[in-house]
Structure formats: structure tokens, C-alpha cells
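Reviewing the structure listed below.
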Amino acid sequence: MALAITGSARRRGTGGAALRLLAVVAALLGALLGGAAPASAHAALTGSDPAQGSVVDSAPEQVSLTFSEGVAMGNDSIRVLDPKGKRVDRGKLRNLCSGSVVKYGAGLPPGLPDGTYTVAWQAVSADSHPVSGAFTFSIGAPSKTAAAVPQQEAGGGLVGALYGIARYLAYAGFVLLAGGAAFVVACRPAAALVRSVQRLVVYGWAVLTGTTIAMLLLRAPYTGSGKLADVFDFGGLQQVLLTKPGAALVSRLLLLAAAALFIAVLFGAYARAQEAGDGDPAEDPRRRKDLALGLGVGGVIVAAGLAATWAMAEHASTGLQTAVAMPVDVLHLLAVAAWLGGLAALVVSLYWGPAVERSAVRRFSRIAFGSVLVLVATGLYQSWRQVGTLRALTDTSYGRLLLLKAGLVVVLVGIGWVSRRWTGRLGEVAEVTEAAPVDTDAEDAASDSGTDTDTGTDPGDVSRETAGPAPDPARAAQLARQQVALRTARTKRIRDADPERLGLRRSVLAETSVAVVLLAVTTVLTATEPARTEEAVKATGAAGRSAAANQPQVLTIPFDTGGPHGKGTARIDLDPGRSGSGNTLRLRISDPSGRTRDVPEVKISFTLKDKKLGPLPVAPKHIGKGHWSADGVQLPVPGRWRLSLLVRTSDIDQVTEFRNVKIG
């Protein structure tokens, strides 16, 4: 990275170099905190009605879910399962969104029996990532449940892994395609003739095209069933094409067709123009300039369009200030491509091509530094948008991963600084070599001695082998290939003998090793909730836990007094079940069939043996058939209290049952 930015061959002052290094660090941290490309802002469930783990007296009319941001849901996105695992919701989604509140519901039939119900939900975030979850609530009293909820989260499993690999390969392909082409047009036109650079750009196009098709096919199972076999479900593919991510992927394919034409001109007509210009300086330079201008304008349009396919379907399209965030995201991606893709083109030129001109390195240095300035501005904005506060850097998983990534980036910059020193030396050596006059006398002497100065072979061997009135065409072609191989070997031997190049290779290898670790951390980061969302979910969770703490403590106590009609069930609700005098106790007596019934007498008391408190009697009032209530029940301290319930069903038939209840 630092190689690209400070790759100018001229020496600079120490102060200026230090300022540039600081700029690089700022840009990297800005890009890191911004997380424009791979980071994902998933929606999160922030509330539900009934609340998770709650107990309600009667069946609600519907189950509603509230999300932190916009989601896409269908009729099967919310499923309510009874204690036996049977689906009981009406199977039709209700859109309850109002203003900035994102809320959906599923209707329930009346008269649902008591027991514990499971709510399983699945949705697709506005940033195109699937989310899912499940929770339970109870009607009347908790019960055992046989509901089977899928253990695999949406977007997980083999399909999720394949989709993630395709997604990151798509980013890599875009960087190589856009950045490599920009390096050729803006920095080193002669690279259009370099085979390694041509392969780099073409491979970038091929990878981006292949992964885009793969993502289209994987999209339906990725956001739905999670089954790899559904890749061939063309009905699901048709549904994907109607979504925002599907439209973005199709647009990307259309733009890649235009990019293919761009590549054909770049390495066809443009490369031939460069070759003709090198062979004949009098060759019309205007044609080359017109081609360069056309490629430059067309390339910027195509690259910006490709970057927009991410911005319109990823996290920039949702959340705060989307009208600003989407153009900023496009600029961020273009800057990353110009920097890292250009660096890749420069590296392959240094390793597998002719000597790179000093002027080309200087031009790339200026472009890369401009990319740094763009990354600083866009990265700072994205960091504010996704992280929000400094505290979130240490209090959230996303923030801690960002700090780890920042540490790796600092190490990478340090190694890049070493690469910069080797690059400077390499440029100086290249300048001396270019400026050194050719020693023609030495070459003539070597020729007179009959020895090739590069290979140490006798040129006469070749002339003797090719002598004759009718040379064999196959043999001539073989000799031509051998001569090309000899020239290539000579160039490689001279290049690899350069100690500066060897040092550069080692430092670049170290940079690559750190980058691999950095990529692994980034992969984990993309599956983590952004700091803003995580903080919001924590706040909502704290409120939910507080609300859950205020939910009644429910006890279901079967009894049998031994006399006629002596069997039944007592249900006790203690609300909110906390220490103090603000508790309300409700008692319901029912027969074995579940119908409420009256009994002559009930008594309740609480005892806390550890503190030697009690028994504290409670005198509930009869308020209706089978119902009793008592307000202001006082339980002085928290702990595990022992509840005593006496039920009398006749003049002589009675029983006392005991249960433990935890008071907070």
C-alpha cells in the first residue's frame, strides 16, 4: 500500500515523507471505520408484542414485531406455533409500519388454549442481508412445547458460506478490473502491451462476472430455505429479480458487458496505437490521445456504475442520510479500486514485465495520494454513520473488531513504509540504468570473440543450425521460440539479480501475509452488527429485561383434597414479583376440565427461612367465580420464598401445597 502512494523515485524531505505517512494512516483508519465495502448493517428485532418470555391472560389478536430498520417480509415470514408445534397464525402478514417505526404483525385466531407459543420469524434487511430469530410467550401459564424451530440462522450454512465467498471475490474482481484499467490509461499506457497486466484486468472482469451470476443463483436460498438445491429453483430466481438486490446484480451484469467492450478496446486498438507510437515517434499522437480520452471517460462511467450496484443494494441504501451515503459509498469504492487495483497492476509489472518507467510510478503516486484524500473524507463520514460514538468502539463487538483491524492496518502501514524505501532505491537504480551510455566497444569485442554477452553461447551455433538452402519450417519456429525464451531468461536474470528488487519482493510478501490476516478479520466483521445497531439493540434489550422483570411470577399448582370434586388446579400470578409492598396477587381455581370453580376457602402465605421471615399471610378477596385477588402484598427482601397454598373444597376436605418462588 505505501509502495503505491510513495512510489515516486525522487527523494523527498523527511518532514514531507512523515506527513504523507500520517495521511496514509488517516486514510486507512478512515476507510476502516467507514467500512464502505464489506461491512453490513443488518436489521435487528427491537421489540415484540407479546414480549419475549411474557405471560398474557388471554390470547392476543396478533403477534407484532418491531425492527431497527426497513425489512422485506412475506406471508410466511412470521410463524406462530402452538405447544404441539402446529402453526396457528392466519398466514397473512400485516404491515403495521408508521413513520419511522418498522413493524409487522401476524393475526391469531380467537380462543387459543393456554400454553407456551413459539414465534419464528425471518426477514431480509434493507441492506440485502437475511436475518431471523425466534422467541416464546405464554397464554395463561407456561407449558412444555414441542415446537421445532430451525437452528440455522438465515444466511448461514453452506449457502451462506458460498454467498459470502462470492461476495468478497466480487469486490476483489471490481478492484482488479477498475484499478488495473485505470493504471494503464492514467499512469502507464505502455502497460497495455504487458501480458501480466492484461491478465490481471481480464481476470478481474471474469471473477466479477462469475461471482455476480453465482450470487444471482444463490440469492433465493441465501435469503430463504438455505438449501443449496434451491439454486436451480427458477421460480425463486424470478422472485429475486423483483427485489432491489436482484435488480442491482442484473444491472451489474449489463455494465460488465460494457466493460468487456472497454477491455477489448484497451488491449486492442489502444495497445496497437501504443506499439505503433513506440516504433515510430512520428506516429500521429492525436489518435492515441483521443483513444485515451475516450477510454478515460467511458471507464469512469462504467466503474462508477459498477460501484453504484453495491451502493444501491448494500448498507449505504438504508439508515441515516441515504441520499448522501450512496454517492459517498460510490466515491469510496472508486478510491479503493484506484489505489489497490493500481497497486496490483504495479506489482505485476514489477514482477512479470519490463522495467517500469520512473514517470509511470510518479503518476501512480499522485493518483494514489488523491485516492487517499477521498478515503479520508468518505471514511470519516462512514465512521460517524456506522459507529456513532467513541464508546461504541469498546462497548460493542463491531467496535472491538474495528480496533483489532486498525492495529493490523498500522502494522501493514509500517511494512509498507519499508516497501517505500525499497521502491525509492529501485527507481534510482532504474534512472541510472536508463541514463548510462551503451558500451558499444565492449559489445563489439564480445561479438568478435564469438560469445554472446548475455547467455555465454556461441552465436555461430545458431547460424550453423539455421544454415542451408531449405530450412525446416518447424525447426525455424522452434529456434524462434528458443530465442524468445533466451531473451526472456536474460531479462529475468538481470532483473532478479537486482538486490533492491529482491528487498522489495520480500517486503511485499510480508505486506501480503498481514493483508491475509486482515481479510480474515474483515470477514468476521461483515457478519457482525454495526455499532449503532448493536447499541440500539442493547438499549432495547435493557428495556425489555426491565419489562420482563415486571412480568408476573406465575405458579401452576395442581391439588387434590381427597374428597368429592377435590381435584383441580390453582394458578397464582404475582405481579411484578419483586421485593417491596407493591405486589399484586391473583389466584384462579379451575377444575380438571379447565373451567373456573369456586371453593369454600383459600389461604396463602410466604416464608423466607434463610432470613427467618414469615410466614407472612396473604388474604385474597373473592372477586368472581373462581378468582381471588390481593393488593399490596409485601415481601420485604429478595430471595427464594416458600409459598404455602391451602385449598378447602368441603367442610372436611382440604390440602396444603408448597412451592418455591424467586423474588427479585
Name the pairs: first residue in the range 325-337 and open to solvent by 40 Å² or more (accessible area, probe 1.4 Å), second residue β-branched (V, I, T), Cβ to Cβ under 7 Å, at least 6 apart or on different chains? L331/V374; L331/T378
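Answer yes or no as to whether T569 is among the β-branched types (V, I, T), at pLDDT 85 or above, within 23 Å of G53 (Cα to Cα) and surrounded by 15 or more Cβ atoms within 10 Å (Cβ to Cβ).
For T569, the condition - among the β-branched types (V, I, T), at pLDDT 85 or above, within 23 Å of G53 (Cα to Cα) and surrounded by 15 or more Cβ atoms within 10 Å (Cβ to Cβ) - is met.
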Any residue at all in the range 231-245 that's at pLDDT below 85, more than 21 Å from the chain's Cα centre (by Cα), closer than 29 Å to S196 by Cβ and loosely packed, with under 15 Cβ neighbours inside 10 Å? no
Contact list please: Cβ distance under 6 Å, first residue in the range 212-231 and polar (S, T, N, Q), second residue at pLDDT 85 or above and open to solvent by 20 Å² or more (accessible area, probe 1.4 Å), pairs at least six apart or on different chains. T212/L253
Counting only residues that are surrounded by 15 or more Cβ atoms within 10 Å (Cβ to Cβ) and of a type in the set (V, I, T), which one in the range 585-615 is nearest to A141 (Cα to Cα)? I589
What about V356, is it buried (at least 19 other Cβ atoms within 10 Å of the Cβ) and either part of a helix (DSSP H, G or I) or β-branched (V, I, T) (or both)? yes
Exactly one of (1) over 29 Å from L162 (Cα atoms); (2) open to solvent by 50 Å² or more (accessible area, probe 1.4 Å); (3) at pLDDT 90 or above is unmet by K289. Its number? (3)
Close pairs (6 angstrom Cβ cut-off, 6 or more residues apart or separate chains): farther than 7 Å from V80 by Cα in the range 113-124, among the polar types (S, T, N, Q) and in a strand (DSSP E or B) anywhere: T116/T136; T116/S138; Q122/S132
Residue under question is R586, and the condition is that it be charged (D, E, K, R) and closer than 20 Å to V655 by Cα; does it hold? yes
Considering residues of the range 126-147 that are touching a strand residue (DSSP E or B) at 6+ places or on another chain (Cβ under 6 Å) and of a type in the set (S, T, Y) only, the residue least open to solvent (accessible area, probe 1.4 Å): S138
Would you check if there is a residue in the range 266-285 being among the aliphatic types (A, V, I, L, M), out of contact with any Ser or Thr (no Cβ under 6 Å at 6 or more places or on another chain) and under 26 Å from Y171 (Cα atoms)? yes
Could you please let me know if T649 is in contact with a His (Cβ under 9 Å, 6 or more places away or on another chain) and over 23 Å from P142 (Cα atoms)? yes
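The values are calculated or read from the model by the stated rules, or taken from the named source; none is laboratory data. Quick caveat: nothing in here was measured; it's all calculated off a predicted structure. Cβ sites come from the backbone with ideal geometry, for glycine too, and all protein chains shown count toward neighbours. These accessible areas exclude ligands, DNA and RNA; they are computed on the full protein's heavy atoms, side chains included. Shrake-Rupley method; radii C 1.70, N 1.55, O 1.52, S 1.80 Å.
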